[in-house]
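Asks: Supplied in structure tokens, the structure appears directly below.
Derivation of every value follows stated rules applied to the coordinates shown; laboratory data play no part. Only a predicted model underlies this, so the values are computations on that prediction, with no experimental measurement involved. Please note: Cβ atoms are built from the backbone with ideal geometry, for glycine as well, and neighbour counts cover all protein chains shown.
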Amino acid sequence: MLWAAFCAFWLSAASTNSAGAQQGGSEKLKIDIGYIATAKPPLPLYDLDAIPPDQGVKGAELAISENNTTGAFTGQAFAIEAASVAPGESPVAAARALADKGVRLFIADLPAAELVQLADALRPTGALVFNVSATDDKLRGADCRANLFHVAPSRAMLTDALAQLLLARRWPRVLLVTGPGEADGAYTAAFRASAKKFGLKIVTDKAWTFGPLARARGDSITEAEALTFARGGDYDVIVVADEAGDFGDYILYRTSDPKLLFGTQGLVSTSWSPVHTAWGAEQLQSRFLRLANRTMRPVDYQAWMAVRAIGDAAQNTKSADPAAIRAFLDGPDFNLANYKGAPGSFRPWDQQLRQVLLLAQPRSIVGVAPQPGFLHQRTVLDTLGADLPETTCHFN
């Protein structure tokens, strides 16, 4: 009799809870997020570091799942809809189609010019855009937009992280090698500013003129001139600017003097690395691997952070209104748990996400930035990138 009464009570409670869940489900606040990305090229027959077609969007999908786990208790339901645009095409039409459906929160994996177009086109709707891939410093400066948040680190942050490490290791003398691309020139300009900021000395500056040897097949390793181009000059390390990955990996172990390589190849500064496992990062790596059947790349991680930031803001404000979300993200109460030992937050003067950066080589993490000993009156994270007195961003 006692057991029967207990079972009847349990079934009644379960039925009541189920009805409550269904009722709560019908009242959930729906938060729709658009994901706009440049279409990735088809995978080649073999490329060790080919960009996966689903780069970025898989990180966003993982964060959506995590947001909905919390949302089941807080009364929110998150969804994402992805759209891709051909390289060089404007993303505005795709974004407006989503905006017509009521989407007011956008993740963008786009080059700088298209990103500005997108932010400007969506501005009348009140929408927010989260940049997860463009590192251009001008997006945080003269081309900043009030409705544009930056989750991807800027080039200035990346080169500041390297400069801090070189100074901490007492390797201040640098041979700087610059590739022919426009992005390579931008990286070099950022590193020059970092070198001045932290007191490094660029003793030799050389342009790479030997072509894309790292992507060549056959006789690339017999290029005698490239093997000796770094000869001469009293420098400690080589810093390379090769954002396209055409030659940077070729330099290591092929110089006339045995020197360490830093920059876009060799030891790199990055928001994320598949070898990062500290501060609970192994859990995130494992969850992503189960979802995507591959390792998490920086753009995946940055998209994950963007969606998690939206989720955190929506759950704290109990609102899907972009104005409320922006106010929370720019305010003092936002702290993003990001598996890197210190929470992230947005700088209100340019809406760049403050974050620890990893100093990584292909098989291990060498260190993190900010390095110990670099101090700041607000947060040591502001030793990376454009600080408030340095910003050229002025929101309209």
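Asks: Nearest 20 debye, what's the magnitude of the dipole of the chain about its Cα centre given +1 on Lys and Arg Cβ and -1 on Asp and Glu Cβ? Walk me through the numbers on the way to the answer.
Replies: Working: 37 positive and 40 negative charges, 149 e Å.
With only Lys, Arg, Asp and Glu charged at Cβ, the dipole is about 720 debye.
Asks: What is the set of long-range amide H partners of Leu267 at a cut-off below 5 Å, with H atoms built 1.01 Å from backbone N?
Replies: Long-range HN contacts for Leu267: Leu261, Phe262.
Asks: Determine the equivalent ellipsoid of segment 207-331 by diagonalising the alpha-carbon gyration tensor, then write out the semi-axes as square roots of 5 times the eigenvalues, largest first, rounded to whole Å. Don't jump to the answer; show the numbers that get you there.
Replies: Working: eigenvalues 357, 57, 39 Å².
They are 42, 17, 14 Å, listed from largest to smallest.
Asks: In addition: Would you mind giving the average projected area, over all directions, of the Cα convex hull of segment 156-270 in nm² with one decimal? Provide the component values of the computation, followed by the final result.
Replies: Details: hull surface 25.6 nm².
Taking a quarter of the hull surface, the average projection is 6.4 nm².
Asks: Just to confirm the number: angle between the C-alpha axis of helix 112-122 and the first principal axis of the chain, 0 to 90 degrees, nearest 10?
Replies: 30
Asks: Once amide H atoms are placed 1.01 Å from N in the peptide plane, what residues at a sequence separation of 5 or more from Ile107, or on another chain, have their amide H within under 5 Å of its amide H?
Replies: Gly34, Tyr35, Ile36, Phe130
Asks: OK, next. In the calculated pair distance distribution of segment 293-396, what percentage of Cα-Cα distances lie above 18 Å? Write out the running numbers ahead of the final one.
Replies: Details: 3003 of 5356 pairs.
It works out to 56 percent of all Cα pairs.
Asks: All other residues with a Cβ under 14 Å from the Cβ of Thr70 taken together, and with Lys, Arg as +1 and Asp, Glu as -1, what is their net charge? Please report the intermediate quantities before stating the final value.
Replies: Working: positive: Lys28, Arg308, Lys318; negative: Glu66, Asp312.
Taking every Cβ under 14 Å from that of Thr70, the sum is +1.
Asks: OK, next. Of all the C-alpha pairs in the chain, what % are more than 26 Å from each other? The partial results should precede the final answer.
Replies: Working: 44148 of 78210 pairs.
Result: 56 percent of Cα pairs exceed 26 Å.
Asks: Residue farthest toward the positive end of the dipole of segment 218-287, with Cβ of Lys/Arg at +1 and Asp/Glu at -1: which of Ser271, Phe247, Ala226?
Replies: Result: Ser271.
Asks: Here is a follow-up. What is the helix-to-structure angle for 182-198, meaning the angle in degrees between its Cα long axis and the longest Cα principal axis of the chain, kept from 0 to 90 and rounded to the nearest 10?
Replies: With rounding to tens, the tilt is 80 degrees.
Asks: Give me Val275, Val240, Val103 ranked fewest to most by other Cβ atoms within 10 Å of their Cβ, as a rough exposure proxy.
Replies: Numbers: Val275 15, Val240 28, Val103 22.
By the 10 Å Cβ count, ascending, the order reads Val275, Val103, Val240.
Asks: Follow-up. Given 0.36 nm per residue, what is the gain on full extension from Gln117 to Val203 after removing their alpha carbon distance, in nm? Present the calculation step by step, with values, prior to reporting the outcome.
Replies: Working: separation 86, 0.36 × 86 = 30.96 nm, distance 3.97 nm.
Difference between extended and current length: 27.0 nm.
Asks: Here is a follow-up. Pick from Trp171, Trp304, Trp349 the residue whose mean-square fluctuation is largest in a GNM of the chain, springs joining Cα atoms under 10 Å.
Replies: Checking each option, the largest mean-square fluctuation is seen for Trp171.
Asks: Continuing with the same structure: Sum up the charges of everything whose Cβ sits under 15 Å from the Cβ of Arg294, counting Lys and Arg as +1 and Asp and Glu as -1, but leave Arg294 out. List each step's numbers first, then the result.
Replies: Values: positive: Lys40, Lys58, Arg287, Arg290, Arg297; negative: Asp47, Asp49, Asp54, Glu61, Asp300.
Residues near Arg294 contribute 0 overall.
Asks: Let me ask something additional. Relative to the longest principal axis of the chain, what angle (0 to 90°, nearest 10) does the C-alpha long axis of helix 298-317 take?
Replies: Helix 298-317 and the main axis of the chain meet at about 40 degrees.
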